[in-house]
1. Please list the non-local residues whose amide H lies under 5 Å from the amide H of ARG107, H modeled 1.01 Å from N, same-chain partners needing a gap of 5 or more.
2. Find the relative contact order for the chain and round it to a whole percent, using C-alpha pairs within less than 8 Å whose residues are 6+ positions apart.
3. How large is ³J(HN,Hα) for each residue in the stretch 281-288, as worked out from phi by the Karplus curve 6.51 cos²θ - 1.76 cosθ + 1.60 (θ = phi - 60°), to whole Hz, x for Gly and Pro?
4. Reported to two decimal places, what Rg/Rh ratio describes the stretch 341-384 when computed on Cα atoms with Rh from the Kirkwood expression?
5. What are the semi-axes of the equivalent ellipsoid of the stretch 220-376, taken as the square roots of 5 times the eigenvalues of the Cα gyration tensor, listed largest first and rounded to whole Å?
6. For the stretch 346-467, what does the alpha-carbon gyration tensor say about shape, rounded, prolate or oblate, given a ≥ b ≥ c as the root eigenvalues, a/c under 1.5 as rounded, and a/b over b/c as prolate?
7. With θ set to phi - 60°, apply the Karplus curve 6.51 cos²θ - 1.76 cosθ + 1.60 along the stretch 87-94 and write out the HN-Hα couplings as whole Hz, x wherever there is a Gly or Pro.
8. Within the stretch 101-191, list the trypsin sites (Lys or Arg not before Pro) lying in a DSSP loop whose Cβ has at most 12 other Cβ atoms in a 10 Å radius.
Amino acid sequence: MNASTPLIAFDNSYARDLPGTYVLQSPDPAPAPRLLRLNSALAVELGLDATAIAPHAADWFSGTKVPQGALPLAQAYAGHQFGGFSPQLGDGRALLLGEVIDRQGNRRDIALKGAGPTPFSRNGDGRAAIGPVLREYLMGEAMHALGVPTTRALAAVATGAPVYREDVLQGAVLTRVAASHLRVGTFQFFAARGDMARVRALADYTIARHDPDLAGQADRYLALFDRVIARQVQLIAQWMGLGFIHGVMNTDNMTLSGETIDYGPCAFMEGYAPGTVFSSIDHSGRYAYANQPLILGWNLARLAEALLPLFDDDSDKAVDLANARLTAIAGQYAVAWTGVMRQKLGLAGADAGDQALAEGLLTAMAGQGADWTLTFRRLATAVDGDDSRLAPLFADATGLRAWLPQWRARLADDAATRLLAANPAVIPRNHLVEAALDAAQQGDLAPFEAMLAAVTNPFADTAGREVYSLPAPAGLAPHVTYCGT
Ligand code: AMP
Ligand code: MG
């Protein structure tokens, strides 16, 4: 490679194509950057030379030095937070460095999170602490390994500077890779200001980037909305299948790409309970497990409002077009969820009764303390009539025993194999995540590394690593997550 060829071939289409939607902002140098982890596999996927990058990683991925070709900027966005509209949020602690074209030909953002304040920081310090940074790293990699569209971590770097929260913490920067950072809130920011030229520019940019086949179509904005609905419906159905609770489904945390973004208070449910909430700030349970599909529809309605003038010049007609789509979301979600559950249940083909069959298992699980992940994993042991591994997960297995014969009647030939491929043995168990992050804050990264290895190989048999597949010991206080700021 020529000495002057940049190691990361940045392009800056967001900066180039969307003037007026961001503020250029340099990151703050870190006093003593120390690389905690570089995601070499992701680097390779991005077409980067991981070995050549490694010596620069601490400097680049802490914001201490800006790699050649990067053009750091903070994006503007608004958002409904817990239902209330904030007209100006924006990247208060994130900076887009630029984009690269990955080995599949897809454009991917590379952004820093925690590299200092921006004009959108409001009262925040623009920083991040080592615990939440490693948490986002771990959760994103786990979700990726579970087959869920997600932003991912390219690197985590300790800055050597303190971060002041309730305690004094060690500062860190996460380098985040995303299909894009276009959020529902990005559109809301400009729609709220009546700046429809920029809403249109953003929509055209989104189409060019995520749905290029729609470019030039007369009804392309409606078609884009349909695509976003389809992607998000599929995403939330996948979350539900895994017992994943995002915890802060504000409209600024929902992407148009359909990737999961912003791993703050998220956590995986253990014992099945539809009302499960982990976030300390979600007092009303707005973002509880079972509410996620409803919030999906609510957030998409906010996107529709922002895009409305693009749907039709006649505002009544635009509203009708949007409403027709919004009312269809519940049905689309039911189809997507049933599809996810068919796989999780190892069913043969598709039958009209499958949704009810899946709901029947949930009814049997509710109130029985049945661990979500283990219940589905152990279905593979119960294919042939033996429920001795499965039933003990239930406080009272009467409902389960009534359900099993109906299920067995619908099984695919190779059901046991399918079940093991569809239902993970390992998810990031909350008590283990916390223990790994605690150790990391004491300078011991070994538990984090071991946990990362486990959650990135989630479908393998757990012989020798049973600890990663078991729920929190009984008697442990209910898990509570705190916002990752
Ligand atoms: P979040 O809850 O992480 O989705 O963030 C909501 C908003 O708060 C976004 O505009 C963030 O950029 C901003 N924010 C969160 N933490 C900080 C921080 N430590 N400093 C500045 N802004 C922040
Ligand atoms: Mg956010």
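1. The list, which skips near neighbours in sequence, is ASP102.
2. Details: 942 pairs, mean separation 67.5, N = 485.
About 14 percent, as a whole number.
3. So the J values, rounded to whole Hz, are 9, 8, 4, 8, x, 3, 9, 4.
4. Details: Rg = 10.8 Å, Rh = 11.2 Å.
Ratio value, two decimals: 0.96.
5. Values: eigenvalues 175, 77, 29 Å².
Whole-Å semi-axes of the equivalent ellipsoid: 30, 20, 12.
6. On the way: a/c = 2.66, a/b = 2.00, b/c = 1.33.
Prolate.
7. x, 9, 10, x, 5, x, 8, 10
8. Working: sites: ARG103, ARG107, ARG108, LYS113, ARG122, ARG127, ARG135, ARG152, ARG165, ARG176, ARG183; in loops: ARG103, ARG122, ARG165.
Sparse-neighbourhood loop trypsin sites (Lys or Arg not before Pro): ARG103, ARG122.
Here, each number is a calculation from the coordinates, and none is a lab measurement. The structure presented is a predicted model; accordingly, all values stated were derived computationally and were not measured. Positions of Cβ are generated from backbone atoms using ideal geometry, with glycine treated the same way; all protein chains shown enter the neighbour counts.
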